[in-house]
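*Asks:* Handing you this structure, nothing more for now.
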Amino acid sequence: MVNNKFEAKSRNVEDLVCVDLHGYLDAHTAPELEKALADIVDSGKNRIIVNFNGLDYISSAGLGVFMAFIEDVRNSGGDIKMSDMNEKVYSVFDLLGFPLLFDIVKTENEAIGKFIESEPIKNVE
């Protein structure tokens, strides 16, 4: 039997929310990720980094959770950036064309940098 343990823990990094994923993300565990993302979006946060460092497996059901949220997050002026994927998890994203839809970077610090780069320049008078 496959180990179906999964955990999604949120933490604040400056004005961003980082979600650390651990374990196996499949049809049985996807609702936990869905709830974590819904809680973030419902709280008015829209600049999200998902750190895949502890994720061992992802199925199409897990991918579907991200698709369910990306449009609303972007329509509110935010984004979901993804970091720290192992080769096996990245290959699933790549196979389905997700690198064209999502900003997938090697490290969480790189994702933070991309959010900082995308901030509008404030007028200084």
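Each reported figure results from applying straightforward, stated rules to the coordinates on display, with no laboratory input. Here the structure is a predicted model, which means the values were calculated and not measured. Please note: Cβ atoms are built from the backbone with ideal geometry, for glycine as well, and neighbour counts cover all protein chains shown.
*Asks:* For the pair LYS106 and ASP15, what calculated FRET efficiency results from E = 1/(1 + (r/R0)^6), where r is the Cβ-Cβ distance and R0 = 30 Å, to the nearest 0.05?
*Replies:* Numbers: r = 22 Å, r/R0 = 0.74.
Taking R0 as 30 Å, the efficiency between ASP15 and LYS106 is 0.85.
*Asks:* While we're looking at this one, here's another question. Based on the alpha-carbon set only, what is the convex hull volume of the chain divided per residue, in Å³?
*Replies:* 106
*Asks:* Report the full-extension gain for the segment ASP94 to ALA27: residue separation times 0.36 nm, less the Cα-Cα distance, to one decimal in nm.
*Replies:* 22.2 nm
*Asks:* Counting alpha carbon pairs within less than 8 Å and at least 6 residues apart, what relative contact order, in whole percent, applies to the chain?
*Replies:* 22
*Asks:* Please report how many Lys pairs in the range 6-117 have alpha carbons closer than 17 angstrom, counting only residues at least 8 apart along the chain or sitting on separate chains.
*Replies:* Here the count comes out as 10.
*Asks:* Separate question: Taking +1 at the Cβ of each Lys and Arg and -1 at the Cβ of each Asp and Glu, which of MET85, GLY23, LEU33 sits farthest along the dipole of the chain towards its positive end, judged by Cα position relative to the Cα centre?
*Replies:* Result: GLY23.
*Asks:* Taking only DSSP H segments of four or more residues, each worth -39500 (n - 2.57), what value at 222 nm results for the chain once the sum is divided by all its residues, to the nearest 500 deg cm²/dmol?
*Replies:* -12500 deg cm²/dmol
*Asks:* At what distance in nm do the modelled label points of ASP42 and GLU7 sit from each other, each positioned 7 Å from its Cα along Cα→Cβ?
*Replies:* My value for the distance between the label points is 2.3 nm.
*Asks:* Round to the nearest 10 and give me the degree value, 0 to 90, for the angle of helix 60-75's Cα axis relative to the longest principal axis of the chain.
*Replies:* That works out to roughly 10 degrees.
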